[in-house]
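Read through the structure below, which is laid out as structure tokens, and then see the notes.
The values are calculated or read from the model by the stated rules, or taken from the named source; none is laboratory data. Predicted model, so just to flag it, every value in this text is computed and none were measured. No Cβ is skipped: glycine too gets one built from the backbone with ideal geometry, and neighbour counts run over all protein chains shown. Note: accessible area is taken over every heavy atom of the protein model, side chains too, but ligands, DNA and RNA are not part of it. Shrake-Rupley method; radii C 1.70, N 1.55, O 1.52, S 1.80 Å.
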Amino acid sequence: MFSDNGRNFVGASYRLLKEHNKFLKETEKAMVEKYATHGFNWSFIPPYAPHMGGLWEAAVKSMKLHLKKVAANHHFTFEEFTTLLVKIEAILNSRPLSAISENPNELSPLTPGHFLRGAPMIAYPEITSNVPDDRISLLNRWERLKSLLHIFAQRWKNEYVTELQRRAKWKTTQNNIKLNDYVIVKDDLLPPTEWRLGRVTKLYHGSDNNVRVVELLTQNGTITRPIVKLCILPMQNTPTHITTSTTH
């Protein structure tokens, strides 16, 4: 685990190590019988050198930028602001990093959520209900939070996909998209923590022999999309600038 030298991180490292050793002493016999214990190592960058943590600092900067644009003119209670930040955390940690398997039929992505809880982030559907008149103001405040969250998600997702695509448009030749490539499908109507992903199953070339349109296998069936609506995710052993750091 890597972080800066903030006192809260140093304290957390000490507490985690203490709790880890206590846990091992209490469960050592059972653990040795079933598992190989590797422990953990918490590494700190030098004090007053945030540039050495550029990967996670860039993610924090992106989050703060969009949060200020979306929520700067609103006044929140402590509970409202905490709720908004927790939901934003789930959005950031739901982002797809790469394919979780090279199996063409596997459509689930690897996300930072897998490093936090061993599974992708899940946002439960919200159930609407009849609210008494004396609580209508509370309902309006909740609807405002949901609206801000959707606006944040749309802005941040667009930036994330743009960073993945980084192209020198019309100046340099790019490799054609290939069969079985794993891609993000741009869809502004999805809930904040959901991403539409697919595998390329068929290619349609233009008159210049470049791929212009593809067919995709998605969780909801086969769809056809132009390549301008797609963003290719890296496969295993593919160099990438994407950070796998989680966000809290």
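With all protein chains in place and ligands, DNA and RNA left out, the 1.4 Å accessible area ranks TRP42, TRP156 as TRP42, TRP156, largest first.
For THR222 and GLU19, the FRET efficiency from 1/(1 + (r/R0)^6), where r spans their Cβ atoms and R0 equals 51 Å, is about 0.55.
In this structure the amide hydrogen of TYR182, modeled in the peptide plane, comes within under 5 Å of the amide hydrogens of LEU233, none closer than 5 places in sequence on its chain. Look at where the Cα atoms of region 62-93 and of region 179-194 average out, and the two centres are 23 Å apart. Here r is the Cβ-Cβ distance between PHE115 and SER207 and R0 is 45 Å; the resulting FRET efficiency, rounded to 0.05, is 0.50.
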